[in-house]
Amino acid sequence: MLSIYNTLSRKKEEFIPLEAGKVKMYVCGPTVYDLFHIGNARSFINSDFIRKYLEYLGYEVTFVMNLTDIDDKIIKKGLKENTSAQLVAKTYTDEFFKDITTLGIKPATIYPRATEHIEDIIALIQSLVDNGTAYQSGNDVFYDISKFSTYGKLSGKNIDDLMEGARVEVNEAKKSPLDFALWKGAKEGEPFWESPWGKGRPGWHIECSAMSCKHLGKTFDIHAGGSDLIFPHHENEIAQSEASTGQKFVNYWLHFGFLNIDNEKMSKSLGNFFTARDILAKYSKETVRFFFAQTHYAAPLNFTSEGLDSSKRGLQKVQNLYERLLDLQQSAVSGGTQPDFNLAGYYQSVEEALNDDFNSPRALAVVFDFVRDANRILNETTNPAKEFVNEIMSFVQKIVIGIFGIVQLEKSNAADPTLENDLIELLISVRTQAKASKNFQMSDLIRDELKKLGIILQDSKEKTTYKKQE
């Protein structure tokens, strides 16, 4: 039985989908004005783990991730780069798809774009205006939170407390400083669409409500996103969706924990802001995915190079078993030795862990027990049967690859750029010590042998660097 911690109820609940055998899931995607950062990557990868486990359980998952392709940030980026907001959105949408592919994330069933759903958004806003939950002010339309009696039920925030602590700009167009924009009247030079309220564009919150309901229905199973989206984004989604439809918006809310960099909040001003692409230049997608899976999706996570290095070393044990099994599949024969190995117990233990609110750290502990025990059995078994080898490999394919995606499918004897660089630097260090000891024969030998491999050393007063021959 799968149980999920529901942010809305603040407790674990048995997962019962609206339709037997099917799951409708929505995840907040990127605002496409820049490369996404490593905190976003955590949300995208955790969503991928969860979606793949649901599919492992046999559910047919309709997985929707939106792309916010019109927003203040996009417009600002266009002005800064002297280009159109449309081109900014297209450029970074393309880059988003490149990076999630590199991260091994399964494509969504649907990637709805806000600009392709303007009619749906306008219709949703009109329904709120018609029932008195929203009001027009000039060319803007605002949601009146006083009309939604359960506002704050997701975040646990109290409207009176919010009003007292509100730090908002004075806006005479609003009835309350907490009311939020559903439609923004166009300013000079901004992109716009025609609407009953004049030229303008949608607010951020209404985009997600319109797109999720369009593709998943008025009520759907799972809505996920980063913890930073609980308030106001997800709170506002609930308010506007339920005020429009009169139905419950989402049954299960999942939120991914905050990510810090070396115990500090990620910030460009602190110089600790990293895009996913920055990290993928140094570490494999398998290492990054494994690093994230070692912490429960809802828990805070401290992102460090030491943690990634440790993940890389630990993951090698899994990779080694996978490659050993590849070799044995070529050499093992039917009718060989069939050792006594409780494979069903490992499946059961992994499922028990992941059924407990997708507890990936516990599941990975089982995986490492499996790796250790499988290696021991293979060491002790002469001529293991091909059927046994295939059974062991099936566990790796279904669990380690199918859910977590933490094994390189190509044998790792292919060149590892980070390992190669480390080894070259090590040889340079040995050569520097040899020169200091006046062992010029050794120094020249290292230089000449590296040259044969296409590595050219360049000596200077400060240090020795290298370049690769084209």
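The values are calculated or read from the model by the stated rules, or taken from the named source; none is laboratory data. Please read all numbers here as calculations on a predicted model, not as lab measurements. As a convention, Cβ positions derive from the backbone with ideal geometry for all residues, glycine included, and neighbour counts pool all protein chains shown. In case anyone asks, the SASA skips ligands and DNA or RNA and just uses the protein heavy atoms, side chains included. Shrake-Rupley method; radii C 1.70, N 1.55, O 1.52, S 1.80 Å.
To keep it simple, each residue is scored yes or no on (1) at pLDDT 85 or above; (2) open to solvent by less than 30 Å² (accessible area, probe 1.4 Å); (3) under 27 Å from the mean Cα position of the chain (by Cα).
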| residue | (1), (2), (3) |
| --- | --- |
| F368 | yes, no, yes |
| S437 | yes, no, no |
| M442 | yes, no, no |
| L450 | yes, yes, no |
| E462 | no, no, no |
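Check F404, F395 and return the single one that is in contact with a Leu (Cβ under 7 Å, 6 or more places away or on another chain), aromatic (F, W, Y) and modelled with pLDDT of 90 or more.
Exactly one of F404, F395 is in contact with a Leu (Cβ under 7 Å, 6 or more places away or on another chain), aromatic (F, W, Y) and modelled with pLDDT of 90 or more, namely F395.
Could you pull out the residue among T275, T245 that is within 30 Å of T150 (Cβ to Cβ) and among the hydroxyl-bearing types (S, T, Y)?
Sole residue among the options that is within 30 Å of T150 (Cβ to Cβ) and among the hydroxyl-bearing types (S, T, Y): T245.
Go through the range 366-383 and count every residue that is without any contact (Cβ under 8 Å) to a residue 12 or more places away in the chain and closer than 22 Å to A298 by Cα.
Adding up the residues that qualify gives 0.
Go through (1) among the β-branched types (V, I, T); (2) surrounded by fewer than 20 Cβ atoms within 10 Å (Cβ to Cβ); (3) in contact with a Ser or Thr (Cβ under 6 Å, 6 or more places away or on another chain) for T382 and report which single condition fails.
Evaluating T382 over (1) among the β-branched types (V, I, T); (2) surrounded by fewer than 20 Cβ atoms within 10 Å (Cβ to Cβ); (3) in contact with a Ser or Thr (Cβ under 6 Å, 6 or more places away or on another chain) leaves (3) as the failure.
When the residues of the range 334-362 are filtered to those that are open to solvent by less than 40 Å² (accessible area, probe 1.4 Å) and either β-branched (V, I, T) or free of Cβ contacts under 8 Å to residues at least 24 places away in the same chain (or both), which remaining residue is nearest to L2 (Cα to Cα)?
Among those that are open to solvent by less than 40 Å² (accessible area, probe 1.4 Å) and either β-branched (V, I, T) or free of Cβ contacts under 8 Å to residues at least 24 places away in the same chain (or both), it is A353.
Restricting the search to the range 4-47, which residues are of a type in the set (G, A, S) and either within 21 Å of H215 (Cβ to Cβ) or under 10 Å from the mean Cα position of the chain (by Cα) (or both)?
A20, G21, G29, G39, A41, S43, S47 - these are the residues of the range 4-47 that are of a type in the set (G, A, S) and either within 21 Å of H215 (Cβ to Cβ) or under 10 Å from the mean Cα position of the chain (by Cα) (or both).
Any idea which residue in the range 15-60 is nearest to I406 (Cα to Cα), counting only those that are in a loop (DSSP other than H, G, I, E, B) and of a type in the set (G, A, S)?
By that ranking, first place goes to G58.
So E323 passes all but one of these: (1) open to solvent by less than 40 Å² (accessible area, probe 1.4 Å); (2) in a helix (DSSP H, G or I); (3) under 23 Å from G58 (Cβ atoms). Which condition number does it fail?
(3)
Would you point out the residue of the range 224-267, among those that are more than 16 Å from the chain's Cα centre (by Cα) and of a type in the set (S, T, Y), that is nearest to S360 (Cα to Cα)?
In this case the residue turns out to be Y252.
Just name the residue that is farthest from the chain's Cα centre (by Cα) out of those in the range 282-320 that are open to solvent by 50 Å² or more (accessible area, probe 1.4 Å) and hydroxyl-bearing (S, T, Y).
Residue satisfying both the conditions and the ranking: S310.
Of (1) in a helix (DSSP H, G or I); (2) open to solvent by 20 Å² or more (accessible area, probe 1.4 Å); (3) aliphatic (A, V, I, L, M); (4) modelled with pLDDT of 95 or more, L79 satisfies all except one. Which?
(4)
Only one of I230, I222 is at pLDDT 95 or above, within 25 Å of N46 (Cα to Cα), open to solvent by 10 Å² or more (accessible area, probe 1.4 Å) and of a type in the set (A, V, I, L, M); which?
I230
Need at least 2 residues that are acidic (D, E) and closer than 16 Å to T62 by Cα per element, so show me which strands (runs of 3 or more DSSP E) inside the range 201-275 make the cut, counting only ones lying wholly within it.
Here the list is empty.
Among the residues of the range 99-116, write down those that are buried (at least 21 other Cβ atoms within 10 Å of the Cβ), more than 15 Å from the chain's Cα centre (by Cα) and part of a helix (DSSP H, G or I).
A114
Suppose we filter F96, F63 for residues that are in a helix (DSSP H, G or I) and closer than 16 Å to C28 by Cα; which single one remains?
Answer to the selection: F96.
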